[in-house]
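The values are calculated or read from the model by the stated rules, or taken from the named source; none is laboratory data. Computed from a predicted structure; not experimentally measured. Note that we place each Cβ from the backbone using ideal geometry, even for glycine, and neighbour counts take in every protein chain shown. Side chains included, ligands, DNA and RNA excluded: accessible areas come from the protein's heavy atoms. Shrake-Rupley method; radii C 1.70, N 1.55, O 1.52, S 1.80 Å.
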2 protein chains.
Amino acid sequence: MTVLALSGGVGGAKLALGLSHVVPAADLLIVANTGDDFDHLGLSVSPDLDTLMYALAGLDNQTLGWGRRDETWSFMETLGTLGGPSWFRLGDRDLAVHVERTRRLRAGETLSQVTAGFWQALGIGPRGIPMSDDPVRTRVLSETGWLDFQDYFVGQQCKPVVRELAFHGVEHARPHPDFLAALAAPDLEAVVICPSNPFISIEPILAVPGVRDALRACNAPIIAVSPIIAGQAVKGPTAKMMQELGMIPSSAAVAARYGDLLDTIILDSGDAAEADAIDCRVLLAPTLMKTLDDKIALARLVLDAART
Amino acid sequence: MTVLALSGGVGGAKLALGLSHVVPAADLLIVANTGDDFDHLGLSVSPDLDTLMYALAGLDNQTLGWGRRDETWSFMETLGTLGGPSWFRLGDRDLAVHVERTRRLRAGETLSQVTAGFWQALGIGPRGIPMSDDPVRTRVLSETGWLDFQDYFVGQQCKPVVRELAFHGVEHARPHPDFLAALAAPDLEAVVICPSNPFISIEPILAVPGVRDALRACNAPIIAVSPIIAGQAVKGPTAKMMQELGMIPSSAAVAARYGDLLDTIILDSGDAAEADAIDCRVLLAPTLMKTLDDKIALARLVLDAART
């Protein structure tokens, strides 16, 4: 069975890790959001690709909840003493990824080639690709005007009220050809929308021209796992953003946002009451993924849902 | 008294540190070689400027003999696992200097502005400037052809036999205006050629158009400290290079190389026998600088020589 997963940051990477344990490596393709990529200190930073890479390589920093395991901070410390920009924290090990990615991109490799090289070097089985090799940059309209995504997300810690989101450059971005090929393949058995923020993790992927059409045209069921549990996001600004965009933070609102794309949405067992307000098939499951076993169990459930 | 010092790497930085203890900060200007600067991993690396900065800030790594104190190596370790280029070792703290310098250069600062900013941030009293804000790149002609300097110096550990040196771009480089201004100033009391490699540390400085003329025209005495002791270099390939270029490694050969630029050369006390072969004034002193006291004592001796 071939499985295609769409993922953003930490929540998505958790389910992707679960999937990597239950789907043979050759049959799993993970497509990552690149809308929150940015240039920082002259380096090409791809936070969602890296979150995914670290999670799948077992290198994620579970203490911090972001970044790399066994991290050291000499670079940031010294950058601070030199008066350099220190609002975006880059660990010494993490930095190697950005420096080497930037070097390879400048040497002419595509982002997906660089990603494939890194994943191979780190011994990751499944394939991961950016939604596009063309740059897409999420921007946030706040009360004070448009903000670059990382300025909003890290610099201002998601405090500004979000009025609107835009994916700069998306109209010229081409979906990664393997992304479209997987969607068109007759043996595709499931498209999994991982429990990432719909607005800033999944919708940039959906906004790449041709992706929504290809999703609608594909024969496999599209199954989302809601990132909302009891009206709250496990991590990040999803619930706050929903409120600011005029929605009641809920899995029902997530389902409504994805609309007729979805065949099935999986809600947390505690949110059974929301099922009535949702048009597509609803399944209930424990969706909070704390342990590897939680991730594997949820991944199995998603695959079972695809088969029935 | 205003003192101008010309410096390359580690040996030069030692005397510069000594001078910084005996000359008031406002009266000392140190000009650094930039011929061994290079772009690595997309970063602008200025080894001699940094050696000088670390020495003067008390941040030099005395265990390694190069780089920064309290260094960590997470970046290089990780770069290695990603398959990135690892022949040039960059510590995590050192890396911050290169990343921040590159960022500021791209933002439009000159190398001397960046350097001034760093020195101020690190609390270094005297001023240090690059010989030029324009790029000059030392190249080495070996038996196998022309090599970039760092390829020769670090990549091939100075093993290739040197036939010739060239300073790529030097014909278009303008000396730093403060360098020329100091040489023309009536209150200049000494020009000190630090004990650095004449061929790859001092001659790139001398090769910048206008520098030799300004040195000849200046009223202050020009005093060199020989980097050779008992026919050997304290550090680096100076002696090996002299042999390959057809000279007998000696302070006499260093004096001959600088020729009529010099008013005085200071040789190590053990090399008194070489004095007869030298045309300019010769002073003898212990020139091996192990401790800070050694550096200060030699600096005092240089200043005394300038006064007499």
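Here the translational diffusion coefficient of the protein assembly as shown follows from Stokes-Einstein with Rh set to the Kirkwood radius across Cα pairs; for 4 °C and 1.567 mPa s it amounts to 47 µm²/s.
In this assembly of identical copies, the label point of A:Gln62 (Cα plus 7 Å along Cα-to-Cβ) is separated from its counterparts by 4.3 nm, sorted shortest first. Add +1 for every Lys or Arg and -1 for every Asp or Glu among the other residues with Cβ under 14 Å from the Cβ of B:Ile228, and state the total. Summing Lys/Arg as +1 and Asp/Glu as -1 gives 0. When +1 charges are put on Lys and Arg Cβ atoms and -1 charges on Asp and Glu Cβ atoms, the dipole computed for chain B relative to its Cα centre reaches about 300 debye. Rounded to the nearest 20, the size of the Cβ-charge dipole of region A:165-289 about its Cα centre is 280 debye, with Lys and Arg at +1 and Asp and Glu at -1. Can you give the local net charge around A:Leu301? Use residues other than it whose beta-carbon is closer than 14 angstrom to its beta-carbon, Lys and Arg +1, Asp and Glu -1. That sum, taken over residues with Cβ under 14 Å, equals +1. Each of B:His172 and B:Ala230 was given a label point 7 Å from its Cα along the Cα-to-Cβ line. The distance between the two points is 4.7 nm. Considering only B:Thr78, B:Gln157, B:Pro47, the residue lying farthest towards the positive end of the dipole of chain B is B:Thr78, judged by Cα position with unit charges set on Cβ. Of all the options B:Leu206, B:Leu64, B:Leu56, the one that moves most in a Gaussian network model of chain B with Cα springs shorter than 10 angstrom is B:Leu64. In the assembly of identical copies, B:Thr81 has its label point, taken 7 Å from Cα in the direction of the beta carbon, separated from the corresponding points by 2.6 nm (ascending, one decimal).
Volume per residue for region A:169-238 equals 93 cubic angstrom (convex hull of Cα atoms).
What number, in nm² with one decimal, is the all-direction average of the projected area of the convex hull of the alpha-carbon atoms of region A:2-307? Could you put the intermediate results ahead of the total?
Details: hull surface 60.2 nm².
With the hull built on Cα positions only, its mean projection is 15.1 nm².
With distances taken between every two different alpha-carbon atoms, region A:35-152 has a Kirkwood hydrodynamic radius of 15.3 Å. Separation of region B:31-51 from region B:235-275 is 26 Å, based on Cα centroids. Shielding of peptide A:89-98 by partners, expressed as the average count of other chain Cβ atoms within 10 Å per residue Cβ, is 6.
Taken residue by residue and averaged, Cβ atoms of other chains lying within 10 Å of the Cβ of A:35-41 number 1. Using a simple spin-label model with pseudo-atoms 7 Å out from Cα toward Cβ, A:Glu164 and B:Leu141 lie 6.5 nm apart.
Efficiency by 1/(1 + (r/R0)^6): what FRET value for B:Ala256 and A:Arg89, r their Cβ-Cβ distance, R0 = 56 Å, to the nearest 0.05?
Approximately 0.55, to the nearest 0.05.
Only helices enter the 222 nm calculation for the protein assembly as shown: every DSSP H run of n ≥ 4 contributes -39,500 (n - 2.57), and dividing by all residues gives -10000 deg cm²/dmol, rounded to 500. At q = 0.10, 0.14, 0.23 Å⁻¹, what log₁₀ I(q)/I(0) does a Debye calculation on the Cα points of region B:192-308 give, no solvent, two decimals? One equal scatterer on each Cα of region B:192-308 leads to -0.27, -0.55, -1.46. Pairs of Cα atoms in region B:1-80 fall into 10 Å distance bins, from 0 up to the last occupied one, in shares of 18, 43, 29, 9, 2 percent.
Under a Gaussian network description of chain A, with springs only between Cα atoms under 10 Å, the residue in A:Met289, A:Met241, A:Met53 that fluctuates furthest is A:Met289.
Between beta-carbons, use under 15 Å as the cut-off and find the net charge around B:Glu143, counting Lys and Arg +1, Asp and Glu -1.
On the way: positive: B:Arg139, B:Lys159, B:Arg163, B:Lys240; negative: B:Asp151, B:Glu164, B:Glu244.
Net local charge, B:Glu143 excluded: +1.
Sorting the segments B:104-115, B:41-52, A:69-80 by their mean number of nearby beta carbons within 10 angstrom, highest to lowest, gives B:41-52, A:69-80, B:104-115. Expressed as a whole percent, the accessible surface of region A:2-307 that belongs to carbon and sulfur atoms is 51, based on a 1.4 Å probe. Chain B versus the axis that turns it onto chain A: the residue with the nearest Cβ and the distance in whole Å amount to B:Asp92, 2.
Ranking A:Gly18, A:Gly108, A:Leu262 by Cα position along the charge dipole of chain A, where only Lys, Arg, Asp and Glu carry charges on their C-beta atoms, puts A:Gly108 farthest toward the positive end. Taking label points 7 Å from Cα along the Cα-to-Cβ direction, B:Ala272 and A:Asp39 give a separation of 6.4 nm. Placing +1 on the Cβ of every Lys and Arg and -1 on the Cβ of every Asp and Glu, with nothing else charged, gives the protein assembly as shown a dipole about its Cα centre of roughly 280 debye. Partner shielding of A:62-75 amounts to 3, given as the average count of beta-carbon atoms from other chains within 10 Å of each residue beta-carbon. Positive end of the dipole of the protein assembly as shown (Cβ unit charges, origin at the Cα centre): among A:Ala214, A:Pro130, A:Ser250, the Cα lying farthest that way belongs to A:Ser250. Can you grab the distance from the C-alpha centre of region A:9-25 to the C-alpha centre of region B:158-173, Å, no decimals? Taking the Cα centre of region B:158-173 as reference, the centre of region A:9-25 is 53 Å away.
With the cut-off at under 11 Å, measuring from each backbone N in region B:1-37 to a point 7 Å along the Cα-to-Cβ line of B:Arg300 picks out B:22.
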